[in-house]
Amino acid sequence: MGNITNLDQHQELIQTIKEVMNVPPDYPLDKEIGLDSLNSISAIVRLEEALGINFKNSDMDLRLFSTVENIATLVVENYLDHGR
Amino acid sequence: MEIRYSVRDFLDDHQAQAVVSKLIYSSEGIVRCLYDSAEGEIVAFLADESFRSEVTEVIAKISREEKQSLNIRHRIVKERNEHAISFHEPAASDYSPAVRKDEVVILYGVLDALFVHLARKNKARLREYRSMISFDALDKCRYISYFPQHIYMVSEFPHQMPVLEQVKEVRKAGYGDLSRLSGYALSPAVCFHCYMEWCGTAIDGPVVLTARGNCFRHEAPWRLGSHRLNEFCMREIVFAGDPHFVENLRNQILEDVWAIFNDLGLPGLVQTANDPFYYQEDKVKGQHQIIANMKYELIFQNDQTGESFAIASFNNVKDTLTRQFEIRGSDQTVVHSGCVAFGIDRWAYALLSAYGSDIKTWPLHIKKALKLNLEDEERIWAT
């Protein structure tokens, strides 16, 4: 997933995040995912693998991974090239 | 004799430092170890040549483990440089783990009073606890299984005449064979006593306790001295309540302590931190502490010597300990908890490093910030 150029690709990103985070397809985007000490690190590793990115250390803050919406924002704004 | 183990092209500097942090506690054949970043080598100095293969295998094992871990670094959240300070090396006669004297005793007192004031401002109740803590208490929080490298267990001779008669004969070399574990350890932290006090109870609204105690941690002998002690004085503020209360109080105290640190003109920073889980399978808990902002440390930095060490920690442990100790709110849900810990020896050492061993000559504004008045003591000492 190298860039986001349209709505379909954004939906694809949301879908990928939901799958990786093990939340149901209809899970609200702004609802807390509830990562804890048992699953937080493995979830981030899975996200990196699924999206083909490496999160910067400055982004290793669980608040940025608290909801599907937050994760999507983090990824779109910092890790995808927006088709440029 | 030394081992130089290359990790260049295998681990980055941060990972190599993590290897050294564990290596310190992983072989008693090591008399010193460090990471040589210029050469990309972990260097271990050995007690004698017979430890070479053991230590090499240990370094290789820890390095492999570190390579497999997600590389998460601490994030700096506050930073303060102070270039005006001309650092000093506190004289051993003035600052010794074995004995504190006169002005240094006063300094410990005023530092503790500062932290008590902060605790009382947040409605803390006062407590005093003993130095020993039961294995049962430590098992509840899994301290020994998470941090076996740091625990000091208390042993005793059985009350059996034949054993006691042998004690006099065998002297020091035979004490180990004749003694047994007592079921107690020397407290590695003050807060566990608070959790034992609350254990199995329902608390009615937020609660805050503060206590000072001597704490004990098994440290590699070659690291002991200056700011690193195996017995040290710790003041803690421990609190429990709903999640917002705990998070807000932890953060508010952090801001207040940062203001004190600034008033004292000390250089350093606040960064996310983790506890030193020994086993690889628990390392993920430490990584979670970092990314979940569960632990911050206030680090004093001596720019001239490169020495830096934590002088306070600010912890929101959420429901991890309250669940183990079955501490509930009035609605029977498990509450959250946190604590702030001050290493008083390290605050004293930082101040002595920054302003010198002659406390009387410290800048007036520093003495005022500490509410340090030595005039009465000087009169007494002069007579």
Compute for segment B:156-311: radius of gyration divided by Kirkwood radius, i.e. Rg/Rh, restricted to C-alpha atoms, rounded to two decimals. 1.06
In segment B:267-372, the trypsin sites (Lys or Arg not before Pro) that fall in loop regions by DSSP, at most 12 other Cβ within 10 Å: B:Lys371
Relative contact order [Cα under 8 Å, 6+ residues apart], segment B:23-150, whole percent: 13
Please state the Cα pair-distance histogram of chain A with 10 angstrom bins from zero: what percent is in each bin? 17, 57, 24, 1
Pairwise over distinct Cα atoms, reciprocal of the mean inverse distance: report the Kirkwood radius of the protein assembly as shown in Å, one decimal place. 25.1
Using a Cα-Cα cut-off of under 23 Å, which lysines could be cross-linked to B:Lys367, ignoring same-chain neighbours fewer than 8 residues away? B:Lys101, B:Lys121
Work out, in µm²/s and without decimals, the Stokes-Einstein translational diffusion coefficient of segment B:2-68 at 10 °C, 1.306 mPa s, Rh from Kirkwood over C-alpha pairs. 138
Would you be so kind as to identify which of B:Met161, B:Leu321, B:Gly225 lies farthest towards the positive end of the dipole of the protein assembly as shown, taking Lys and Arg as +1 and Asp and Glu as -1 on Cβ and the Cα centre as origin? B:Met161
Residues in segment B:330-368, backbone N under 19 Å from the label point at B:Asp94 (7 Å along the Cα-to-beta-carbon vector): list them, ranges by number please. B:344-368
By how many nm would the segment from B:Ile203 to B:Val20 lengthen if fully extended, with 0.36 nm per residue of separation less the alpha-carbon distance? 61.6 nm
How many nm is it between the label spots at B:Arg323 and B:Asp376, if each spot is 7 Å from the Cα in line with the beta carbon? 4.9
About the Cα centre of segment B:2-68, how large is the charge dipole given +1 on each Lys and Arg Cβ and -1 on each Asp and Glu Cβ? Please answer in debye to the nearest 20. 140
Provide the gained length on full extension for the span B:Asp13 to B:Arg142, in nm with one decimal, where the gain is 0.36 nm per separating residue minus the Cα-Cα distance. 43.4 nm
Cα-projected label distance for B:Ser53 with B:His365, points at 7 Å along beta-carbon direction, nm: 6.3
Loop-only trypsin sites (Lys or Arg not before Pro) in segment B:1-88, please: DSSP not H, G, I, E or B, and at most 13 other Cβ atoms within 10 Å. B:Arg8
Just to confirm a number: summing +1 for Lys and Arg and -1 for Asp and Glu over residues other than B:Thr210 whose beta-carbon lies under 15 angstrom from that of B:Thr210, what do you get? +3
What are the lysines whose alpha-carbon lies under 27 Å from the alpha-carbon of A:Lys18, with same-chain residues fewer than 8 places away excluded? A:Lys31, A:Lys56, B:Lys283, B:Lys285, B:Lys318
Mind putting a number on the dipole of the protein assembly as shown about its Cα centre? Charges go on the C-beta only, +1 for Lys and Arg and -1 for Asp and Glu, and I need it in Debye to the nearest 20. 980
Nonlocal amide H pairs with B:Lys78, under 5 Å, H built at 1.01 Å: B:Val270
Each label sits 7 Å from Cα toward the beta-carbon; between B:Met161 and A:Leu29 the label points are separated, in nm, by 8.4
I'd like to know which of B:Tyr184, B:Asn293, B:Val208 lies farthest towards the positive end of the charge dipole of chain B, counting +1 on Cβ of Lys and Arg and -1 on Cβ of Asp and Glu. B:Val208
Taking R0 as 25 Å, what's the FRET efficiency between A:Gln9 and B:Val77 from their Cβ-Cβ distance, rounded to 0.05? 0.15
Cα radius of gyration and Dmax for chain B (Å): 22.4, 66
With +1 on the Cβ of every Lys and Arg and -1 on the Cβ of every Asp and Glu, and nothing else charged, how large is the dipole of segment A:7-78 about its Cα centre, in debye rounded to the nearest 20? 160
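Any read-out appearing in this document is the output of simple, stated calculations on the displayed coordinates, not a laboratory observation. Just so you know, these numbers come straight off a predicted model, no measurement behind them. Ideal geometry is used to build each Cβ from the backbone, glycine not excepted, and the neighbour counts take in all protein chains shown.
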